[in-house]
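Following: one structure in structure tokens, then a few remarks.
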Amino acid sequence: ADRTDEVGARILDVSDGAHTVSAIFSPRAGRGIYPDVAAYRLDRLLELDMVPVTVLREVDGRAGSLQFLASQHIDEAQRSASGRGADASCSLPDQWAAMYAFDTLIYNTGRSQNRILYDLSSWRLMLIRHDHTFVAERGRPAYLKDVPLDLHDGWRIALESLTDDVLHDEFDGVLDRRRIRALAARRDALLAAAAQRN
């Protein structure tokens with residue numbers, strides 16, 4: 001099945017014969033540029049586990065990516081309207097703090113309530129649809145200009161592990177060189193901010 005959700009994202013049902021899951025298809029953002037795959041790879045490097053599994057795929061002859069979409073979820077608009085989530089295993093403010101640092105690192109100008117999902121079984125944050133990320137910019141996206149970032153030692157250690165070689169090896173083929181250099185510059189800025197904090 002192939003459908004479009006309420007915000008225009010293309011949702012596909014993907015099956016291996018035994019199991020069927022839903023996934024969001026995102027066409028590539030330019031030659032060799034797949035921001036959703038880059039966001040997933042960076043999430044794994046940082047060990048945040050907030051971006052659902054995302055893989056390179058061609059659909060109907062179009063290069064792009066598929067991002068797993070959990071069956072039982074609600075978005076931030078639904079969660080805030082209901083007032084639920086206080087019993088999350090990891091507190092929502094802590095999860096949001098991690099999202100703010102992550103969105104600064106990827107320069108996310110597209111974060112909105114319908115791109116913030118929660119797994120209803122655990123209230124774990126799931127960050128989706130990263131088509132407005134990884135631009136060749138320094139600084140912070142507008143929505144985070146005045147938000148204090150909680151760059152504790154865990155962040156410092158994780159950011160230090162993102163060496164230039166690691167960035168090149170992990171993102172070559174899903175980001176271009178300009179975007180990888182800009183990511184490295186934002187990493188350095190966050191490391192400097194983390195050093196000031198301590």
Of everything in region 14-39 that's farther than 29 Å from Asp176 by Cβ and in contact with an Asp or Glu (Cβ under 8 Å, 6 or more places away or on another chain), which residue is surrounded by the most Cβ atoms within 10 Å (Cβ to Cβ)? Ser22
Out of the residues in region 64-90 that are within 19 Å of the chain's Cα centre (by Cα) and of a type in the set (Gly, Ala, Ser), state the one that is surrounded by the fewest Cβ atoms within 10 Å (Cβ to Cβ). Ser71
Matching residues in region 101-158 - criterion: being acidic (Asp, Glu) and farther than 25 Å from Ala88 by Cα: Asp131, Glu137, Asp146
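Condition check ((1) closer than 24 Å to Asp150 by Cβ; (2) of a type in the set (Ser, Thr, Tyr); (3) at pLDDT 95 or above) across all residues:
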| residue | (1), (2), (3) |
| --- | --- |
| Arg3 | no, no, no |
| Arg31 | no, no, no |
| Asp36 | no, no, yes |
| Arg44 | yes, no, yes |
| Val51 | yes, no, yes |
| Trp96 | yes, no, yes |
Breaking point among (1) part of a helix (DSSP H, G or I); (2) more than 28 Å from Arg177 (Cβ to Cβ); (3) modelled with pLDDT of 95 or more, for Leu117: (1)
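Table: residues versus (1) without any contact (Cβ under 8 Å) to a residue 12 or more places away in the chain; (2) assigned to a strand (DSSP E or B); (3) at negative phi.
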site	(1), (2), (3)
Asp36	no, no, yes
Arg41	no, no, yes
Gln67	no, yes, yes
Ala81	yes, no, yes
Arg84	no, no, yes
Gln95	no, no, yes
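The values are calculated or read from the model by the stated rules, or taken from the named source; none is laboratory data. All values reported here derive from a predicted model rather than from experimental measurement. Cβ atoms come from the backbone with ideal geometry, glycine included; neighbour counts cover every protein chain shown.
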